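Working notes, beginning with the structure itself.
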Amino acid sequence: MDSSRGARTAVVVGAGVAGLTAATALARAGWQVEIAEVSPVRATSGWGLCLTGPALRALDELGLADACLAEGYGMTGITHVDVRGELAGEVQLPRLIGAGRPGMVGIARPVLHRILHAEAERCGVVVRHGLTVVAVDQGGSTDQDGEPVRVRLSDGTARQVALLVGADGIRSSTRDLLGLTTALDHHDQMVWRAVVPRPPWATGIHHFAGKADTAGLVPISDSQAYVFLTENGVAQSVLPEAELAPRLRQLLEPFPGRVAEIRPLVTGAESVVRRPVRTTLLEGAWNRGNAVVIGDAAHAPAPQMASGAALAIEDGLVLAKELGRHESVGAGLDAFVARRAQRCGTLVETSVTIVGLEREQRHHDAYPLTETCHRLMAEPA
């Protein structure tokens, strides 16, 4: 794939939410796009996620919101339950894609990946699995009309393109290749998720405060939900797979009320994932020359705000728009970062504040902060 003045060309590193959305938006704007994804074909990580209003709004602009609503579970409310199992408050999130449509949707990660992957390919994006970028050379150029970005892939082949997009997650190797440095912060929390049958009462997100940890339930289809638990005061570690389900059931045991219904639904280890809560925020520029990092590579929030996917999807859409408004790629990337930095930074910083409040068992302080941030995120991207 070579850069030419007739057709702008791009390599996107990573076929996750950010990479697939960016590739689709760029392809619709006339770019020739190739994705290099290091994982095997259609591999996905995790079981479910929540597409909040901003994510649905961006997906609706791409014509994909209805597909997500059809295969996920639409909802609008968050129910907070205190340590005694009593109602602590309810939040109704803004319906950003119309009064008659949900404010958010829970969806299985493989389902969302399939929808995004299919649309990218429909738009002409070439997705190559088992590959990643291992070297980048911009030759000192910062303008599309100068030298293109030269990249070398892990199979030894090379590309010359007008744009390189690093959408390869919180541990982004593209970010390192561009010389962009940031700290990865661990917050002494591990988040657990397990797919379970959806109880009839679970028609929105339920969040349960515990004396040590927090838990919750998110519907992802008519028949399924995922239970999550945030374990406090624990260092990064790996547990044997056989221990995951029994350990999660043990952590859920102290919770009263409806959590007692959920606990026995956690069964086989194959349905449980356990990950450390890590965040990062790239200060300053996210771009060098005609290359940029987006999504978790630039700004990875804690899961407490359920908005990492929203930021990633918005990034892809806004990136294509800003590149379309500027004559040079470099200028478009500068405008993209200027437009996104404050919004994404606010979300990451708020999520980290909520982490601290949870660890201090100050749940009633966290609830209004969560609602305020969701209202702020409802503003145009």
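Taking θ as phi - 60°, what are the ³J(HN,Hα) couplings along the range 188-204 by the Karplus curve (6.51, -1.76, 1.60), each to the nearest whole Hz, with x for Gly and Pro?
Values per residue, Gly and Pro as x: 6, 10, 10, 9, 9, 9, 8, 7, 9, x, 6, x, x, 6, 8, 10, x Hz.
Fewest Cβ neighbours within 10 Å first, please rank 68, 344 accordingly. Don't skip to the answer; put the middle values down first.
Numbers: 68 21, 344 26.
Taking fewest neighbouring Cβ atoms as first place, the list is 68, 344.
State the Kirkwood hydrodynamic radius of the range 314-381 in Å, one decimal place, computed from all pairs of distinct Cα atoms.
Working: mean 1/r = 0.0734 Å⁻¹.
Here the Kirkwood hydrodynamic radius works out to 13.6 Å.
P(r) for the range 152-203: what percent of alpha-carbon pairs falls in each 5 Å bin, starting at zero?
Taking all Cα pairs of the range 152-203, the binned fractions are 4, 11, 14, 17, 11, 9, 10, 10, 7, 5, 2 percent.
Between helix 329-359 and the chain, what is the angle of the helix's C-alpha long axis to the longest principal axis, kept within 0 to 90° and rounded to the nearest 10?
For helix 329-359, the angle is close to 20 degrees.
Based on the alpha-carbon gyration tensor of the range 241-381, what equivalent-ellipsoid semi-axes (square roots of 5 times the eigenvalues) come out, in whole Å, largest first?
Numbers: eigenvalues 272, 65, 31 Å².
Each semi-axis is the square root of five times an eigenvalue, giving 37, 18, 13 Å.
For the range 291-353, just the Cα atoms, rotate onto the principal axes and tell me the three extents in Å, largest first.
Reported extents, whole Å, longest axis first: 39, 16, 16.
Just rank 104, 377, fewest to most, by other beta-carbon atoms within 10 angstrom.
Working: 104 30, 377 25.
With the fewest neighbours first, 104, 377 line up as 377, 104.
May I ask you to list the trypsin sites (Lys or Arg not before Pro) in the range 61-155 that are in a DSSP loop and have at most 14 other Cβ atoms within 10 Å of their Cβ?
84
Mind sorting 339, 57 by how few other Cβ atoms lie within 10 Å of their own Cβ, fewest first?
Fewest-to-most Cβ neighbours within 10 Å comes out as 339, 57.
In whole Hz, with x marking every Gly and Pro, tabulate ³J(HN,Hα) for the range 244-254 from phi via Karplus 6.51 cos²θ - 1.76 cosθ + 1.60, θ = phi - 60°.
Here the 3J(HN,Hα) series is 5, 4, x, 5, 5, 4, 5, 5, 7, 4, x Hz.
Based on the Cβ-Cβ distance of residue 126 and residue 238, what FRET efficiency does E = 1/(1 + (r/R0)^6) give at R0 = 41 Å, to the nearest 0.05? Working shown, then result.
Details: r = 35 Å, r/R0 = 0.86.
It comes to 0.70.
Could you give the C-alpha radius of gyration of the range 221-290 expressed as a fraction of 2.2 N^0.38 Å, taking N as the number of residues it contains? Walk me through the numbers before you get to the answer.
Values: Rg = 17.2 Å, N = 70, 2.2 N^0.38 = 11.1 Å.
That works out to 1.56 for the range 221-290.
Per residue of the range 122-127, in order, report the coupling 6.51 cos²θ - 1.76 cosθ + 1.60 (Karplus, θ = phi - 60°) as ³J(HN,Hα) in whole Hz, putting x for Gly and Pro.
4, 7, x, 5, 9, 9
Suppose we flag GluC sites (Glu not before Pro) only when DSSP calls them loop and at most 14 other Cβ atoms lie within 10 Å. Which is the longest uninterrupted stretch of the chain?
On the way: sites that count: 86, 283, 327, 360.
In the chain, the maximal stretch lacking such sites is 87-282.
When only C-alpha pairs under 8 Å and at least 6 residues apart count, what is the relative contact order of the chain, in percent? List each step's numbers first, then the result.
Details: 837 pairs, mean separation 81.8, N = 381.
Computed value for the chain: 21 percent relative contact order.
Could you run the Debye sum over the Cα atoms of the range 6-103, one equal point scatterer each and no solvent, and tell me log10 of I(q)/I(0) at q = 0.16 Å⁻¹, two decimals?
Relative scattering, expressed as log10 I(q)/I(0), comes to -0.85.
With a cut-off of 8 Å between alpha carbons and a minimum separation of six or more residues, what is the relative contact order of the range 239-381 in percent? Spell out each step's value before the answer.
Numbers: 134 pairs, mean separation 27.4, N = 143.
Over the range 239-381, the number comes to 19 percent.
Using a 10 angstrom cutoff on alpha carbons, build the Gaussian network for the chain and name the most mobile of 260, 55, 297.
With Cα springs under 10 Å in the chain, the top fluctuation among 260, 55, 297 is at 260.
What is the set of long-range amide H partners of residue 88 at a cut-off below 5 Å, with H atoms built 1.01 Å from backbone N?
Counting only residues 5 or more places away or on other chains, the set is 80, 81, 82.
In units of 2.2 N^0.38 Å, what is the alpha-carbon radius of gyration of the range 48-88? Mind showing how you got there, number by number?
Working: Rg = 14.0 Å, N = 41, 2.2 N^0.38 = 9.0 Å.
That ratio works out to 1.55.
Counting Lys and Arg as +1 and Asp and Glu as -1, each charge on the Cβ, what is the dipole of the range 281-381 about the Cα centre in debye, to the nearest 20? Mind dumping the intermediate values first?
Working: 9 positive and 13 negative charges, 32 e Å.
Using only the charged Cβ atoms, the result is roughly 160 debye.
Rounded to two decimals, what is Rg over Rh for the range 128-243 when you use alpha-carbon atoms and the Kirkwood radius? Walk me through the numbers before you get to the answer.
Numbers: Rg = 21.7 Å, Rh = 18.6 Å.
Here Rg/Rh amounts to 1.17.
Nearest 10 degrees is fine. How inclined is helix 308-325 to the longest principal axis of the chain, computing both from alpha carbons?
20 degrees
When DSSP assigns beta bridges and you keep just the ones with both residues in the chain, what percent turn out antiparallel, to the nearest 5? Don't jump to the answer; show the numbers that get you there.
Working: 50 of 70 bridges.
So the antiparallel bridges in the chain amount to around 70 percent.
Mind pulling the per residue volume of the convex hull built on the Cα atoms of the chain? Å³ is fine.
On the way: hull volume 47.7 nm³, N = 381.
Per residue, the Cα convex hull of the chain comes to 125 Å³.
Each value in this text was obtained by applying a stated rule to the coordinates, not by laboratory testing. Just so we're clear, the structure is a prediction, and the values are computed from it rather than from any experiment. Using ideal geometry, Cβ is built from the backbone for each residue, glycine included, and neighbour counts are taken over all protein chains shown.
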